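J.: Once you've had a glance at the structure underneath, I'll fire off some questions.
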Amino acid sequence: MSWWRRGVIYEIYPRSFQDSDGDGVGDLPGITSRLPYLRSLGVDAIWLTPIYCSPQRDFGYDVSDHTDVDPLYGSLHDFDALVAAAHAQQLRVILDYVPNHTSDQHPWFREHPDWYYWRDAPNNWRAAFGGSAWERVGDRYYLHTYLREQPDLNWRNPAVREAMLDVVRFWIDRGVDGFRVDATRQLLKDPEFRDNPVNPDWDGVNEYESLIPVHSADLDEVHDVVAAIRQLIGDRLMVAEVYAPIERLVRYYGKNGNGAQLPFNFHLLTTPWDAEKIAALVERYEAALPEGAWPNWVLGNHDRPRIASRVGAAQARVAAMLLLTLRGTPTLYYGDEIGMTDVPVQRHDPAGRDPERTPMQWTAEGGFTTGDPWLPYGDRAVNVADEPPILRLHRALIALRREFAETDYRTLHAGDGILAYARGNDIAVALNLTGEPRPLPIRGELLLSTHLDGGAERLRAHEGVVLRI
Ligand code: GLC
Ligand code: MG
């Protein structure tokens, strides 16, 4: 049985997890020193967002050397030490793999211009962070799906494929247990660069959504690239970043093991916090999964507002129970286990994602660095050392879910702010998504409440329970 079916993945944003040298930026030795905490939390794997050499315009997603560690974070030696220490504690290490683009400072961009997309004239494609996706240099333009400092690689060029697949080989040889593949659906573009059609439903907010990216993302042939990457990754874990409607998302599972084992399911990030809507989402997703495919769920990441800010501190415990009791591998974003919230700060990230990337709150003083943290702390009254109830709840949920991780899912009730479902024949979960008490729609023996103490006659405000039925 594959570890990742029963396991919990924990996302670490290395800049913000633990600093070891006082420069105010988290680093690999810092992460290594915190592995015992992760072990005690009960997670099975850590996913590190990019640690490679980078000018840090997009904080590591602009890679300038794929096979070395940015000195900010340490060295290859520190990386090897981290992997060895993680493995010694039964923790797997998953790296971010960024195949769609490099930094404009990557030597390839100078030495191999034909590895990128150059055109005499731009088309109408938009960049994900706003503006045209084309940047002019002299009388030509290159394509960048993200920042202008992140030119897109042309995966139709065999030399690009080989060079980027070599990157996978390099890290496999260093002992990693899997990869989270960045921007997977963007890996191929229309060879004719046709204009994208206008989105008639655009809400006027995010410019990227003013067009429907039919020619710049999610092409049918992208699955050939996915298959080539998966072939190398083999039985290690391949997680794919795919923001797409469910029917399109599940195609990234591939067929006969030629897709990702876990195409990230981000739909909880955008579904309104409503019992009927969440139940409908879970059912649609479960029904769409291809034969043999294993589900997964995400409540937060380094690109989206934190769950405790979205639904509030009290409801964040219910959200944790949902994430950790649905069928499928959960990915937990660092800090969500203590209820960290978005910090109102716009200091570094051009796409405005600083609020969800602030330093981990280890102690009442902070405990992240002895220097000045690169981003300010949030409310340090919320911290690991004080073992807040939401942290104790996470520990308990992660331990309890092992009992029923692989059993099936069945909705029991969705309405009046209550979502209830069964896992297998003898476990039920009931979640009160409201701030008022509600009748409990099922009977059973209480195994765990979000409030940590007894109950289970009715559901209290913002209470979730796991019952044996
Ligand atoms: C992914 C990452 C995001 C990054 C982008 C470009 O969406 O999660 O943080 O900015 O890709 O690499
Ligand atoms: Mg440091």
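J.: Looking only at segment 268-318, count every residue that is within 26 Å of HIS451 (Cβ to Cβ), polar (S, T, N, Q) and either assigned to a helix (DSSP H, G or I) or within 16 Å of ligand 1 (Cβ to nearest atom) (or both) and tell me the total.
T.: Total satisfying the criteria: 2.
J.: Now, a different point. Under the condition of being buried (at least 18 other Cβ atoms within 10 Å of the Cβ) and farther than 18 Å from PRO99 by Cβ, which residue from segment 43-55 is farthest from ligand 2 (Cβ to nearest atom)?
T.: So the residue we want is ASP44.
J.: Next question, about the same structure. So is GLN105 under 18 Å from TYR146 (Cβ atoms), within 14 Å of ligand 1 (Cβ to nearest atom) and not in a strand (DSSP E or B) or not?
T.: no
J.: For ASP203, only one of the following conditions fails: (1) touching a helix residue (DSSP H, G or I) at 6+ places or on another chain (Cβ under 8 Å); (2) surrounded by 15 or more Cβ atoms within 10 Å (Cβ to Cβ). What is its number?
T.: (2)
J.: Please verify whether segment 137-156 includes one or more residues that are among the aliphatic types (A, V, I, L, M) and more than 16 Å from ligand 1 (Cβ to nearest atom).
T.: Checked against the condition, which is being among the aliphatic types (A, V, I, L, M) and more than 16 Å from ligand 1 (Cβ to nearest atom), segment 137-156 yields at least one hit.
J.: Suppose the filter is away from ligand 1 (no atom under 16 Å from the Cβ), modelled with pLDDT of 95 or more and out of contact with any Ser or Thr (no Cβ under 6 Å at 6 or more places or on another chain); does LEU48 pass it?
T.: No, not satisfied.
J.: While we're looking at this one, here's another question. Being in a loop (DSSP other than H, G, I, E, B), surrounded by fewer than 23 Cβ atoms within 10 Å (Cβ to Cβ), free of Cβ contacts under 8 Å to residues at least 24 places away in the same chain and out of contact with any Ser or Thr (no Cβ under 9 Å at 6 or more places or on another chain) is the requirement here; does PRO350 meet it?
T.: No, not satisfied.
J.: Something else: Conditions first: (1) closer than 30 Å to TYR37 by Cβ; (2) touching a helix residue (DSSP H, G or I) at 6+ places or on another chain (Cβ under 9 Å); (3) within 16 Å of ligand 1 (Cβ to nearest atom). ASP96 passes all but one, so which condition is the exception?
T.: (2)
J.: Also, quick follow-up: Which residues, taken from segment 4-21, are away from ligand 1 (no atom under 14 Å from the Cβ), touching a strand residue (DSSP E or B) at 6+ places or on another chain (Cβ under 7 Å) and not in a loop (DSSP other than H, G, I, E, B)?
T.: Matches in segment 4-21: TRP4, ARG5, ILE9, TYR10.
J.: Follow-up question, since we're still on this one. Which residues, counting only those in segment 255-264, are modelled with pLDDT of 95 or more and surrounded by fewer than 21 Cβ atoms within 10 Å (Cβ to Cβ)?
T.: Hit for segment 255-264 is ASN258, nothing else.
J.: Does TRP362 satisfy the criteria of being in contact with a Gly (Cβ under 6 Å, 6 or more places away or on another chain) and away from ligand 1 (no atom under 16 Å from the Cβ)?
T.: no
J.: Show me the strands (runs of 3 or more DSSP E) entirely contained within segment 121-227 in which 3 or more residues are farther than 19 Å from THR49 by Cα.
T.: 134-137, 140-143
J.: Something else about it: Tell me, which residue of segment 291-314 that is out of contact with any helix residue (DSSP H, G or I) (no Cβ under 7 Å at 6 or more places or on another chain) and aliphatic (A, V, I, L, M) is surrounded by the most Cβ atoms within 10 Å (Cβ to Cβ)?
T.: The qualifying residue surrounded by the most Cβ atoms within 10 Å (Cβ to Cβ) is ALA314.
J.: Moving on. Checking the structure you have, find out if any residue of segment 92-112 is farther than 27 Å from ALA227 by Cβ, buried (at least 23 other Cβ atoms within 10 Å of the Cβ), in contact with a strand residue (DSSP E or B) (Cβ under 8 Å, 6 or more places away or on another chain) and not hydroxyl-bearing (Ser, Thr, Tyr).
T.: No.
J.: Within segment 370-393, count every residue that is small (Gly, Ala, Ser), crowded, with 18+ Cβ neighbours inside 10 Å and in contact (Cβ under 8 Å) with a residue 60 or more places away in the chain.
T.: Counting residues in segment 370-393 that are small (Gly, Ala, Ser), crowded, with 18+ Cβ neighbours inside 10 Å and in contact (Cβ under 8 Å) with a residue 60 or more places away in the chain gives 0.
J.: Then there's this: If I ask for residues that are β-branched (Val, Ile, Thr) and free of Cβ contacts under 8 Å to residues at least 60 places away in the same chain, which ones from segment 38-55 would you list?
T.: The answer is ILE46, ILE51.
To keep it simple, each residue is scored yes or no on (1) assigned to a loop (DSSP other than H, G, I, E, B); (2) touching a residue at least 24 places away in the same chain (Cβ under 8 Å); (3) within 16 Å of ligand 2 (Cβ to nearest atom); (4) under 21 Å from the mean Cα position of the chain (by Cα).
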{"site": "ASP23", "(1), (2), (3), (4)": "yes, yes, yes, no"}
{"site": "PRO36", "(1), (2), (3), (4)": "no, yes, no, no"}
{"site": "ARG57", "(1), (2), (3), (4)": "yes, yes, no, yes"}
{"site": "ASP62", "(1), (2), (3), (4)": "yes, yes, no, yes"}
{"site": "ASP80", "(1), (2), (3), (4)": "no, yes, no, no"}
{"site": "ALA86", "(1), (2), (3), (4)": "no, yes, no, yes"}
{"site": "LEU95", "(1), (2), (3), (4)": "no, yes, no, yes"}
{"site": "PHE109", "(1), (2), (3), (4)": "no, yes, no, no"}
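J.: Looking at (1) touching an Asp or Glu at 6+ places or on another chain (Cβ under 8 Å); (2) surrounded by fewer than 22 Cβ atoms within 10 Å (Cβ to Cβ); (3) not hydroxyl-bearing (Ser, Thr, Tyr), which is the only condition ALA287 fails?
T.: That leaves (1) as the condition not met.
The values are calculated or read from the model by the stated rules, or taken from the named source; none is laboratory data. Remember, it's a predicted structure, so these values are computed and weren't measured experimentally. All Cβ positions, even for glycine, are placed from backbone atoms using ideal geometry, and neighbour counts span all protein chains on display.
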